[in-house]
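See below for the structure under consideration.
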Amino acid sequence: MNSLVPAFHQFLQASRSEHNSCGIILAACKQLSPTSVSYIEEALQQKSTGLHMQISYDKNTRLLAVYLEGQNRSETHFFSLQVKDVLQERGLLAGSLLIASFSESKQATSYVLQRMIQEVMELAGYGEIKLFFHRLDGREETAGSILLVNHDETVNEFLQIFLQQKGYHVTIAQDGMDGVQKYQELFPDLVITDLNLPIMDGYQLMERIKQQQTGPASKIVVLTDKKLEEDVKKSFALGASDYITKPFSPVELAARVKRLIS
Amino acid sequence: METPLTIAVYMLYGLCGAAVLGLLVLFVLKLRHLAADKRERVCLEKYQDYFFYIQAYGEEEGRLKPPAGVLTRSEKRIIQKKLISLLERFRGIHRQKLLDLCEDLGLVEMDLKRLNSWWKWSRVDAAYNLGMMHAEQAVPGIIRLMKKDDNDASMFIFARALAKCARQEKDLREMVKLLVAYRQNCQPLIVDILSDSQIDTGPLFVSLVSEEDADLVKVGLIGLTSHVQPGMGSILDQLVNSADKEVRIKVVKLLCRDIRYLTKRNVSLFLTHPDWEISSVVAKAIGELGLSTYIPLLKRAVKDPHWWVARNSMNSLAQLQVDGFRALCSILEEERDSCIREMANQVIQKELEKGKFPSIDLEQQITHQQKLLFYQEWSRKTLNTAHALEK
């Protein structure tokens, strides 16, 4: 068994309560000497005043694990930025980082930890911080697939992060033509499209989607800055299920997406 | 002694020198621009993970944390640019979290200092940023700039920033007064600027309507078209008789949005009003609101000497179901003025042509069929009468 798992159980025993939340950060490192591990620990202790944490390193897998007590996902994520900085400063990072948090530390079982270890070792790339999602019921499937057709990079970047956090599989298309091609490849559960798109506008995209639907219909949500009644009317006539104008509330969008996909 | 040729040569040298200097300045500017671009790219890359963090946890409890370590001024500016691009697109809790983060990062404080800069465009840029960050602390500074700065288009940038920062009605009122004093005939723009405010601007518009300055009254009236307020009847009734024609027209436009104000007394008064614009507005509103009871008044208004009043009255008659359409057809029989008959015929034909396009609304289709049927019967009867008269 990987030495990180018993180290984690030791950490849990030392923790004040199993009902506390906890965070785990796994980082793929180079071969670390005990001095390097102590340096990392010292550097992280300095950055995290008042935080109960434990560090362990497995020589075989070259994985460094940081266990954090009482930290939710956002706090764990924020701390992982500092872990990455410390490792990069000394040139000790060899791959990516994987983070997870558990609302109750007893949810972090050996099985979940083993899966995390497996996942971080399979991760390609360098210095990327990935989020580990686990479901209590053990199911692995995503909440649904979404095709996002938008020319606005800021909105694309945000919605990809935001909707992936909610468990959706998100694919991005930059223009109408790309949107049609990706739609034909994926047949997603939901399409979120703007009306102002290069090459082929949102209306044309909706028409093409309508023509290509053979099986169960994909739902369409229009996310645009066009506020005229005419645009709303035309979008619904072309098969849109919802119409949201910018600036928009991501919480509201997520609620509408959930309703449409479920 | 210098000959004209020597002077010309010196001039040429001078011009060449100036050109080289200009090119050097352009080259330096280009280099600076490239360096700034590179700095921005490097900084965005450095904080890529941090930007992921702020976008991923916008709806969790607690504030988003500023990045670890000390940020340079240039890094702050680049992070601010990214945050503002997000703020422009979102509302709700995500926006609030980003606003709190701007404050925690010291961005508000940084731009508050820039409001006092010697450079005008630094002040304008700082006001814009503070507006985007909804910084309440910036209100006195922006008002001071609006009062002090040269009167140019930057006034509107300051005003929009102020509308976003203000939390009290009195600040918005002061801004409106400064803008009205700065430029006339920009009331729709002022209302648009006020729509960016976080506070309810309805009470402000109501109070502006009671002002003596006609420009302020116009701002109030335009604002009220999208902020319906109860109990405005008596104030608006008084303004119908305002000395300012534009105010009179705007009041009637506002009254025409609410069916309660369109009493028989008001409608007959407005349809015969000396301002043709008022008669025209009311004639149009009757059709849009479907007020069939005023068909007789519209029938009278089609004889109005002003083209728009007559045309809008006829269009409204065509809109008022079969009864209105019947009244419109009767004009062809009863009216002696050939111009009016010609106009009525045009409106009838236009109305009948609408049926050629497939309508989604079933009710509209039925109404159209009823109008068509009536028209066919009516024209047959008219033709028979004409034949009988000929015999």
Among A:Gln160, A:Gln184, the single one that is crowded, with 17+ Cβ neighbours inside 10 Å and at pLDDT below 95 is A:Gln160
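Applying the selection to the range A:207-252, what residues are of a type in the set (A, V, I, L, M), within 26 Å of B:Glu88 (Cβ to Cβ) and without any contact (Cβ under 8 Å) to a residue 40 or more places away in the chain?
Here is the first cut: in the range A:207-252, the ones of a type in the set (A, V, I, L, M) are A:209, A:217, A:220-223, A:228, A:232, A:237-238, A:240, A:244, A:251.
After this cut, where a residue has to be within 26 Å of B:Glu88 (Cβ to Cβ) as well, the list is A:220-223, A:228, A:232, A:240, A:244, A:251.
Of everything in the range A:207-252, those that are of a type in the set (A, V, I, L, M), within 26 Å of B:Glu88 (Cβ to Cβ) and without any contact (Cβ under 8 Å) to a residue 40 or more places away in the chain turn out to be A:Ile220, A:Val221, A:Val222, A:Leu228, A:Val232, A:Ala240, A:Ile244, A:Val251.
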Evaluate the range B:221-231: report whether one residue or more is crowded, with 20+ Cβ neighbours inside 10 Å, within 24 Å of B:Ala138 (Cβ to Cβ) and out of contact with any Ser or Thr (no Cβ under 8 Å at 6 or more places or on another chain). no
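Within the range A:209-226, which residues are surrounded by fewer than 17 Cβ atoms within 10 Å (Cβ to Cβ) and modelled with pLDDT of 90 or more? Before the answer, list the steps.
From the range A:209-226, those surrounded by fewer than 17 Cβ atoms within 10 Å (Cβ to Cβ) are A:210-217, A:225; that's our starting set.
Result: A:Asp225, single match.
Out of the residues in the range B:67-84 meeting the condition of being of a type in the set (Val, Ile, Thr) and within 32 Å of the chain's Cα centre (by Cα), tell me which one is surrounded by the fewest Cβ atoms within 10 Å (Cβ to Cβ).
So the first thing to find is which residues in the range B:67-84 are of a type in the set (Val, Ile, Thr), and the list is B:70, B:72, B:78-79, B:84.
Filter again for within 32 Å of the chain's Cα centre (by Cα), leaving B:78-79, B:84.
Details: B:Ile78: 20, B:Ile79: 23, B:Ile84: 18.
Ranking the candidates gives B:Ile84 first.
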Among the residues of the range A:153-183, which ones are of a type in the set (Ser, Thr, Tyr) and more than 19 Å from A:Phe248 (Cβ to Cβ)? A:Thr171, A:Tyr183
Sort out which residues of the range A:45-73 are touching a residue at least 60 places away in the same chain (Cβ under 8 Å) and in a loop (DSSP other than H, G, I, E, B), and write them in order of number. A:Thr61
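Quick one: which residue in B:Lys303, B:Lys299 is of a type in the set (Lys, Arg), loosely packed, with under 14 Cβ neighbours inside 10 Å, out of contact with any Lys or Arg (no Cβ under 6 Å at 6 or more places or on another chain) and not assigned by TED's automatic domain parsing to the domain that holds B:Leu239?
Numbers: B:Lys299 fails: loosely packed, with under 14 Cβ neighbours inside 10 Å.
Step by step, each of B:Lys303, B:Lys299 is checked, and only B:Lys303 is of a type in the set (Lys, Arg), loosely packed, with under 14 Cβ neighbours inside 10 Å, out of contact with any Lys or Arg (no Cβ under 6 Å at 6 or more places or on another chain) and not assigned by TED's automatic domain parsing to the domain that holds B:Leu239.
Conditions tested, residue by residue: (1) at pLDDT 90 or above; (2) farther than 24 Å from B:Glu88 by Cα.
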site	(1), (2)
B:Val176	yes, no
B:Asp213	no, yes
B:Val219	yes, yes
B:Lys245	no, yes
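Go through the range B:323-374 and count every residue that is surrounded by fewer than 16 Cβ atoms within 10 Å (Cβ to Cβ), assigned to a helix (DSSP H, G or I) and of a type outside the set (Gly, Ala, Ser).
Just the residues of the range B:323-374 that are surrounded by fewer than 16 Cβ atoms within 10 Å (Cβ to Cβ), to begin with: B:323, B:330, B:333-334, B:336-339, B:341-342, B:345-346, B:349-350, B:353-366, B:369-370, B:372-374.
Still in the list and also assigned to a helix (DSSP H, G or I): B:323, B:330, B:333-334, B:338-339, B:341-342, B:345-346, B:349-350, B:353-356, B:362-366, B:369-370, B:372-374.
Applying the additional criterion that residues be of a type outside the set (Gly, Ala, Ser) yields B:323, B:333-334, B:339, B:341-342, B:345-346, B:349-350, B:353-354, B:356, B:362-366, B:369-370, B:372-374.
Qualifying residue count for the region: 23.
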Across the range A:228-262, what is the total count of residues that are more than 10 Å from every other protein chain (Cβ to nearest Cβ) and part of a strand (DSSP E or B)? 4
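Conditions tested, residue by residue: (1) more than 20 Å from B:Leu99 (Cβ to Cβ); (2) more than 21 Å from the chain's Cα centre (by Cα); (3) assigned to a helix (DSSP H, G or I).
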| position | (1), (2), (3) |
| --- | --- |
| B:His134 | no, yes, no |
| B:Val139 | no, yes, yes |
| B:Leu145 | yes, yes, yes |
| B:Asp152 | yes, no, no |
| B:Met155 | yes, no, yes |
| B:Leu162 | no, no, yes |
| B:Val176 | yes, no, yes |
| B:Asn185 | yes, no, no |
| B:Ile190 | yes, no, yes |
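One line per residue, one yes/no per condition, for (1) under 35 Å from the mean Cα position of the chain (by Cα); (2) modelled with pLDDT under 90:
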| site | (1), (2) |
| --- | --- |
| B:Asp275 | yes, yes |
| B:Ser279 | yes, no |
| B:Glu288 | yes, yes |
| B:Val302 | yes, yes |
| B:Ile331 | no, yes |
| B:Ile348 | yes, yes |
| B:Gln365 | yes, yes |
| B:Gln370 | no, yes |
What's the total number of residues in the range A:74-91 that are part of a helix (DSSP H, G or I) and either of a type in the set (Val, Ile, Thr) or closer than 17 Å to A:Ser36 by Cβ (or both)? 9
Just wondering, is there one or more residues in the range B:283-292 that are in contact with a Cys (Cβ under 6 Å, 6 or more places away or on another chain) and either outside the structural domain of B:Val228 (by TED's automatic domain parsing) or not in a helix (DSSP H, G or I) (or both)? yes
Tell me, yes or no, whether the range A:160-181 has at least one residue that is within 26 Å of B:Tyr50 (Cβ to Cβ), part of a loop (DSSP other than H, G, I, E, B), in contact (Cβ under 8 Å) with a residue 12 or more places away in the chain and of a type outside the set (D, E, K, R). yes
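Identify all residues within the range A:236-262 that are β-branched (Val, Ile, Thr) and under 22 Å from A:Pro216 (Cβ atoms); write none if there are none. Talk me through it step by step, then tell me what you get.
Here is the first cut: in the range A:236-262, the ones β-branched (Val, Ile, Thr) are A:244-245, A:251, A:257, A:261.
A:Val257, A:Ile261, listed by residue number.
Please determine whether any residue of the range A:17-24 is modelled with pLDDT of 85 or more and either assigned by TED's automatic domain parsing to the domain that holds A:Leu113 or closer than 28 Å to A:Ala124 by Cβ (or both). If you could, list the steps in order and put the result at the bottom.
Initial filter on the range A:17-24 (modelled with pLDDT of 85 or more): A:23-24.
With either assigned by TED's automatic domain parsing to the domain that holds A:Leu113 or closer than 28 Å to A:Ala124 by Cβ (or both) added as a condition, the list becomes A:23-24.
Taking every residue of the range A:17-24 in turn, at least one turns out to be modelled with pLDDT of 85 or more and either assigned by TED's automatic domain parsing to the domain that holds A:Leu113 or closer than 28 Å to A:Ala124 by Cβ (or both).
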How many residues of the range B:53-99 are part of a helix (DSSP H, G or I) and more than 7 Å from every other protein chain (Cβ to nearest Cβ)? The answer is 19
Being among the aliphatic types (A, V, I, L, M), within 17 Å of A:His151 (Cβ to Cβ) and more than 26 Å from the chain's Cα centre (by Cα) is the filter here; which residues of the range A:187-234 pass it? A:Leu195, A:Leu197, A:Ile199, A:Met200, A:Leu205, A:Met206
Name every residue in the range B:174-188 that is β-branched (Val, Ile, Thr) and free of Cβ contacts under 8 Å to residues at least 40 places away in the same chain, in order of residue number. B:Val180
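Do we have B:Lys113 as modelled with pLDDT of 90 or more and out of contact with any Gly (no Cβ under 9 Å at 6 or more places or on another chain) here? Don't jump to the end; show me each part of the working.
Values: modelled with pLDDT of 90 or more: yes; out of contact with any Gly (no Cβ under 9 Å at 6 or more places or on another chain): yes.
So B:Lys113 fits the description; yes.
Name the single residue, out of those in the range A:57-74 being surrounded by fewer than 20 Cβ atoms within 10 Å (Cβ to Cβ) and under 25 Å from the mean Cα position of the chain (by Cα), that is farthest from the other protein chains (Cβ to nearest Cβ). Give the steps one after another, and end with the answer.
Keep residues of the range A:57-74 that are surrounded by fewer than 20 Cβ atoms within 10 Å (Cβ to Cβ), which gives A:58-62, A:69-70, A:72.
In the following step, the residues that additionally are under 25 Å from the mean Cα position of the chain (by Cα) were identified as A:61-62, A:69-70, A:72.
Numbers: A:Thr61: 23, A:Arg62: 21, A:Glu69: 17, A:Gly70: 13, A:Asn72: 7 Å.
Among those that are surrounded by fewer than 20 Cβ atoms within 10 Å (Cβ to Cβ) and under 25 Å from the mean Cα position of the chain (by Cα), it is A:Thr61.
Being outside the structural domain of B:Ser242 (by TED's automatic domain parsing), within 17 Å of B:Lys350 (Cα to Cα) and buried (at least 19 other Cβ atoms within 10 Å of the Cβ) is the requirement here; does B:Ala318 meet it?
Values: outside the structural domain of B:Ser242 (by TED's automatic domain parsing): yes; within 17 Å of B:Lys350 (Cα to Cα): yes; buried (at least 19 other Cβ atoms within 10 Å of the Cβ): yes.
The answer is yes for B:Ala318.
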So B:Gln229 clears everything in (1) out of contact with any Leu (no Cβ under 6 Å at 6 or more places or on another chain); (2) in a helix (DSSP H, G or I); (3) not assigned by TED's automatic domain parsing to the domain that holds B:Trp307; (4) not aromatic (Phe, Trp, Tyr) except one condition, right? Which one? (2)
Would you confirm whether or not the range A:31-47 contains a residue that is surrounded by 21 or more Cβ atoms within 10 Å (Cβ to Cβ), within 13 Å of chain B (Cβ to nearest Cβ) and of a type outside the set (A, V, I, L, M)? no
Closer than 18 Å to B:Lys284 by Cα and assigned by TED's automatic domain parsing to the domain that holds B:Leu298 - does that describe any residue in the range B:352-364? no
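The values are calculated or read from the model by the stated rules, or taken from the named source; none is laboratory data. Predicted model only: the values in this text are computed from it and were never measured. Reconstructed Cβ throughout: ideal geometry from the backbone, glycine too, with neighbour counts over all protein chains shown.
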